[in-house]
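K.L.:
Mind looking over this structure? Questions follow.
What follows draws every value from the coordinates through simple rules; no lab data is involved. Here the structure is a predicted model, which means the values were calculated and not measured. Here the Cβ positions follow ideal geometry from the backbone for every residue, glycine too, while neighbour counts run over all protein chains shown.
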Amino acid sequence: MKLYNVNLSNYASKCRIAIYEKGCPVEIVPIPGGNLKSPEYLKIYPMGKTPALETDGMIIGESEIILEYLEDKFPTPPLLPKSPEARARVRGFGRFHDLYLEPPVRALFGQLDPKTRDAKLVAEKLAEINTRLDMLDKMLSDGAFAAGPDFTLADCSLAPTMFFTSLLPMLGSKPALEGRPKLARWWNSLKERPSVKKALDEMGAAMAERMKQQQS
């Protein structure tokens, strides 16, 4: 079983967190050809996206589907609760992340250089991100983790994008945790969990390498 992975990808990172948490026998490999659109990779996964999971002679794409597959394949430790209602709550966080929180964050990836920055775009996306973070602060449980007392796929989904929200002050926004007590409590605890910390460290190293390449 292989996960075709890019360490800086938040979608690949949430799959790695689940893999680390479960101790799954998954080999994490770089993209063949070094590029998502390389002929070698497109032959494996024509969508040319990361992550993709190779297992039992098939390729599974899309991070949420991969997370669900890993949960079905390796049910211990569980990352979905037992009751249908609690499972729906966990899945709701994944959808909130993919459809509402992550897109405006992603839109700012190309706006870090002040020389080429689109001020209007930045202002619009920062306003949207801060609205979504306010929503997330209200959505979070009063328990130890996003959806309740247990670590779940909700935490896997949210953590990598929270890594990128640390860049918001560089674009003129207030820090993501400022004025959001539940978000601050959850995130300051979650980022020290071994599976999450490992993935965040990998993302940090990849980010440092990317910046080094851009400066050279």
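K.L.:
So for each of 140-148, 39-47 I average, over its residues, the number of other beta carbons within 10 Å; can you give me the resulting order with the highest mean first? Provide the component values of the computation, followed by the final result.
P.N.:
Working: 140-148: 18.1, 39-47: 13.9.
The peptides rank, most packed first, as 140-148, 39-47.
K.L.:
Along the three principal axes, how long is the range 2-73 when you take its alpha carbons, biggest first, rounded to the nearest angstrom?
P.N.:
32, 26, 18
K.L.:
What share of the DSSP beta bridges in the chain is antiparallel, in percent to the nearest 5? Can you show the working numbers first?
P.N.:
On the way: 8 of 12 bridges.
Counting DSSP beta bridges with both partners in the chain, the antiparallel share is about 65 percent.
K.L.:
Taking springs between alpha-carbon atoms closer than 10 angstrom, which of CYS24, CYS156, CYS15 fluctuates most in the Gaussian network model of the chain?
P.N.:
Residue with maximal mean-square fluctuation among CYS24, CYS156, CYS15: CYS24.
K.L.:
Here's a follow-up. Could you give the dipole magnitude of the chain about its Cα centre, charging the beta-carbon of Lys and Arg +1 and that of Asp and Glu -1, in debye to the nearest 20? Each step should come with its number before you reach the end.
P.N.:
Details: 30 positive and 27 negative charges, 84 e Å.
Dipole size: approximately 400 debye.
K.L.:
Provide the per-residue ³J(HN,Hα) series for the range 4-14, in order, calculated from phi with Karplus coefficients 6.51, -1.76, 1.60 and θ = phi - 60°, each as a whole number of Hz, with x at glycine and proline positions.
P.N.:
7, 9, 10, 4, 7, 6, 5, 6, 5, 5, 5
K.L.:
Let me ask something additional. What's the magnitude of the charge dipole for the range 98-216 around its Cα centre, counting Lys and Arg as +1 and Asp and Glu as -1 at the beta-carbon? Answer in Debye, nearest 20. Each step should come with its number before you reach the end.
P.N.:
Values: 17 positive and 16 negative charges, 60 e Å.
Dipole magnitude for the range 98-216 comes out near 280 debye.
K.L.:
Still on this structure, please answer the following. For semi-axes √(5λ) of the Cα gyration tensor in Å, which listed value, (1) 32, 20, 16; (2) 43, 27, 14; (3) 26, 25, 14, comes from the coordinates shown?
P.N.:
After the calculation, the listed value that fits is (3).
K.L.:
Which listed residue (THR161, ALA127, ILE17) has the Cα farthest towards the positive end of the charge dipole for the chain, taking +1 on Lys and Arg C-beta and -1 on Asp and Glu C-beta about the Cα centre?
P.N.:
The Cα lying farthest towards the positive end belongs to ALA127.
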